[in-house]
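For reference, the structure discussed in these notes is given below.
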Amino acid sequence: MTATAPRPRLAKTPEDTHPARGPRLPVRLLPLTPAVVLLLLFLAGPIAYCVYIAFTDLQLTGQARASFVGFDNFTRAFGDEAFLNAVWLTLVFTVVSSLIGQNTLGLALAALMQRASKPVRTLTGGIVVTAWVLPEVVAGFLLYAFFRREGTLNAILDWLHLPSQNWLFTLPILAVSFANVWRGTAFSMLVYSAALNEIPQEITEAAEVDGAGGWRRMWHITLPMIRRSIGTNLMLNTLQTLSVFGLIWVMTRGGPGGRSQTLPLFMYEQAFQNSLIGYGTAVALLLLLVGSLFSLVYLRLLRTEV
């Protein structure tokens, strides 16, 4: 018998080796076209237009046409005491209500609900989530009724024979911070509940056998294992808190005397009450920059392996 000669192998074409680079590439990208068009039209387009407006002196009234003013709006902002006050209050509001309030309370509720009975978990989760799903304006009116001079909080203090005060006048930034904690804690609780459920029960039981108490287990086991969830929750909560407008507007409108006026309210005042669209848009871009800086910090932390 004669040996059969092996068949020659056909050389692979670039399309076979890299199918995505072949003539089928436009077909593969075709389903993405509507999404890209929508993003360009409703996201990238408005952002680009806002960047342009921030470098002009555009006003709502009393102006025939806008002119280019360069960085004058930004220079004016950093020389404006009201703007610097709004930046400081925005940082206080974010740290107190988001980084400390929502994050800590959400983790505490999630940890307590791990050991609670099912009826208690259902009742607690329902109450907390109800505050979260309420519209921002409705939540603002509820907390305004709670903190006002003749409100619920002072009625409780009077019943306990404790001194009362007008909380929206004496401590406005703390009042709106508490309101934001009350409204937004549910999100942190849900995030941390899911993260805690992912921790293997064997690890916790082994720590208990070794004599580790609750605080030591939380510090040395729980927190390191949910570190990525903590970073994600902090980033999302911070970005949401930086953009809070309706809650503060309903409760204090930024007053009294600008003592609860965060950057979103300052931006609204300049753009729509003072008709300075160019200046207000410049403030909005600075607020966007602050949110971007927070995001970069959190993303940097999220890259660290657990």
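The values are calculated or read from the model by the stated rules, or taken from the named source; none is laboratory data. None of the values given here were measured: they were computed from a predicted structure. Cβ placement follows ideal geometry from the backbone for every residue including glycine, while neighbour counts extend to all protein chains displayed. SASA here: full protein model, heavy atoms, side chains in, ligands and nucleic acids out. Shrake-Rupley method; radii C 1.70, N 1.55, O 1.52, S 1.80 Å.
The table below lists the values:
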| quantity | calculated |
| --- | --- |
| Net charge dipole size for the chain [Lys, Arg +1 and Asp, Glu -1 on Cβ; Debye, nearest 20] | 880 debye |
| Gain on full stretching of the segment that runs from Arg217 to Val37 - 0.36 nm per residue minus C-alpha separation | 59.8 nm |
| Three-way shape call for segment 77-181 based on the alpha-carbon gyration tensor, with the a/c threshold at 1.5 | oblate |
| Cβ-placed point charges (K, R +1; D, E -1), dipole of segment 90-266 about Cα centre in debye, nearest 20 | 300 debye |
| Peptide ranges 31-44, 160-173, 183-196 listed from the most packed, as the mean C-beta count within 10 angstrom indicates | 183-196, 160-173, 31-44 |
| Mean separation of Cα contacts under 8 Å, 6 or more apart, over the residue count of segment 90-266: relative contact order % | 37 percent |
| For Thr56, distant residues with modelled amide H under 5 Å away | Val69 |
| Linear extension gain, Leu91 paired with Cys50, 0.36 nm per residue minus alpha-carbon span | 12.4 nm |
| Where segment 68-190 is the region considered: accessible area per residue in Å², 1.4 Å probe | 56 Å² |
| P(r) weight above 24 Å for segment 90-266, C-alpha pairs, percent | 46 percent |
| Potential lengthening between Thr152 and Leu302 on full extension [0.36 nm per residue; Cα-Cα distance subtracted] | 49.8 nm |
